Amino acid sequence: MADLDKTLGEFFGFALHMSGHNAGPSATSPRWSPAPLLYASAAIHLGAAATVLARPRMWPWALAAVAINHGGLAAAGLWPRSRLLGPNWVTLPRHGGESTSVAITIDDGPDPEVTPQVLSQLAAHRALATFFCVGARVERYPDLAREIVERGHHIENHSQQHRHNFSLLGPKGMSAEISRAQDSISRVTGSTPLFFRAPAGLRNPFLDPILARLQLRLASWTRRGFDTVHRNADAVYRRLVNPLHDGDILLLHDGNAARAHSGRPVIVEVLPRLLDILAERNLQPVTLRSALP
Ligand SMILES: [Zn+2]
């Protein structure tokens, strides 16, 4: 197992090296350790190769095993809340004792029309949130990005361009998208992201070692409102709060926000109701960073 770990680590390390990726001083980087699904995949590939060498007529079976394995890896990447490809925050970690917090995460901004309204609503409820911003938008609206941070919220990494083919990128493209956003956000706000969320939550096995090198943790969500596609604010609200538990991570959007039937962005209609029910249930809205051990 240790040898396989080393081999997988060397393979991905090589791929990252070839991509020209450099995350700075590696001495402080957490060591990437492959998820069990990657061990299984490596074993299937080695087994298939050995089978073909020993019994060449078995090649269709070996090929089928490898194809099924690749299907499994792709499926794991298409399932945002999956932990099969590596660690992934789908709820807040518990540190013992009673947890009474919920994290509101707000994606795809900053947006010059929606984000200021969201910031006012959060301030009115004395609530903090985590903004997964797109690097290019942070560069386009630097004052807004700085205002988010000045108000006590955190900005995390949601890639530089929010490319819809993000999960199809190889190590070079993925690394560039993430490290460029890391640079943009740090330069504009003075605060370096500690979390990454993949565009649409879709990813592939190359992502995990890149995040380890950049000292980023992958975060998805407990529930999402689908507020970029659904105009019905009531339905988005119900999807987020039924049920509602301590430690939930909820997802809304200030960028690409759908318009409710009233014409207002859906998040602006949903957020005050969400903040009200959190207060009613004595659940404190916190940022992801504040839940770090
Ligand atoms: Zn997004």
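The values are calculated or read from the model by the stated rules, or taken from the named source; none is laboratory data. For clarity, every value in this text was computed on a predicted model and none was experimentally measured. Glycine also receives a Cβ, built like all others from the backbone with ideal geometry; neighbour counts cover every protein chain displayed. Heavy atoms of the whole protein, side chains included, go into the accessibility calculation; ligands, DNA and RNA do not. Shrake-Rupley method; radii C 1.70, N 1.55, O 1.52, S 1.80 Å.
Observations
- Residues in segment 174-205 that are within 13 Å of the ligand (Cβ to nearest atom) and basic (Lys, Arg) were compared, and the one that is nearest to Gly71 (Cα to Cα) is Arg203.
- Number of positions in segment 111-139 that are assigned to a helix (DSSP H, G or I) and either in contact with a Cys (Cβ under 8 Å, 6 or more places away or on another chain) or not small (Gly, Ala, Ser) (or both): 11
Residues checked against (1) at pLDDT 80 or above; (2) open to solvent by 70 Å² or more (accessible area, probe 1.4 Å); (3) aliphatic (A, V, I, L, M):
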position: Met1; (1), (2), (3): no, yes, yes
position: Lys6; (1), (2), (3): no, yes, no
position: Met18; (1), (2), (3): no, yes, yes
position: Asn22; (1), (2), (3): no, yes, no
position: Tyr39; (1), (2), (3): no, no, no
position: Leu63; (1), (2), (3): yes, yes, yes
position: Gly72; (1), (2), (3): no, no, no
position: Gly96; (1), (2), (3): no, no, no
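- Residues being part of a helix (DSSP H, G or I) and under 30 Å from Asp246 (Cα atoms) - total across segment 55-91: 3
- For segment 119-133, filtered to residues that are more than 16 Å from the ligand (Cβ to nearest atom) and closer than 20 Å to Ala219 by Cβ, the residue that is surrounded by the most Cβ atoms within 10 Å (Cβ to Cβ) is Leu122.
- Of all residues in segment 109-118 being open to solvent by less than 10 Å² (accessible area, probe 1.4 Å) and more than 20 Å from Ile277 (Cβ to Cβ), the one that is nearest to the ligand (Cβ to nearest atom): Gly109
- Applying a threshold of 8 Å to beta carbon distances and a minimum spacing of six or more residues, or different chains, the list of pairs starting in segment 174-188 at a residue that is of a type in the set (Asp, Glu) and open to solvent by 20 Å² or more (accessible area, probe 1.4 Å) and ending at one that is modelled with pLDDT of 95 or more and in a helix (DSSP H, G or I) reads Asp183/Gly135.
- Yes/no for Ile106 being within 16 Å of the ligand (Cβ to nearest atom), under 21 Å from Asp227 (Cα atoms) and either assigned to a helix (DSSP H, G or I) or of a type in the set (A, V, I, L, M, F, W, C) (or both): yes
- Any hit, segment 139-147, residues being without any contact (Cβ under 8 Å) to a residue 40 or more places away in the chain and either within 30 Å of Ala74 (Cβ to Cβ) or within 12 Å of the ligand (Cβ to nearest atom) (or both): no
- When segment 151-164 is limited to residues that are in contact (Cβ under 8 Å) with a residue 60 or more places away in the chain and either away from the ligand (no atom under 15 Å from the Cβ) or over 14 Å from the mean Cα position of the chain (by Cα) (or both), the one that is nearest to Gln117 (Cα to Cα) turns out to be His153.
- Identity of the residue in segment 215-261, more than 14 Å from the ligand (Cβ to nearest atom) and among the basic types (Lys, Arg), that ends up least open to solvent (accessible area, probe 1.4 Å): Arg223
- Any hit, segment 134-157, residues being buried (at least 22 other Cβ atoms within 10 Å of the Cβ), closer than 14 Å to Thr105 by Cα and basic (Lys, Arg): no
- All conditions in (1) more than 16 Å from the ligand (Cβ to nearest atom); (2) under 30 Å from Ala35 (Cβ atoms); (3) open to solvent by 10 Å² or more (accessible area, probe 1.4 Å); (4) in contact (Cβ under 8 Å) with a residue 60 or more places away in the chain hold for Ser167, with the sole exception of (1).
- Selection status of Arg264, surrounded by fewer than 19 Cβ atoms within 10 Å (Cβ to Cβ) and away from the ligand (no atom under 12 Å from the Cβ): yes
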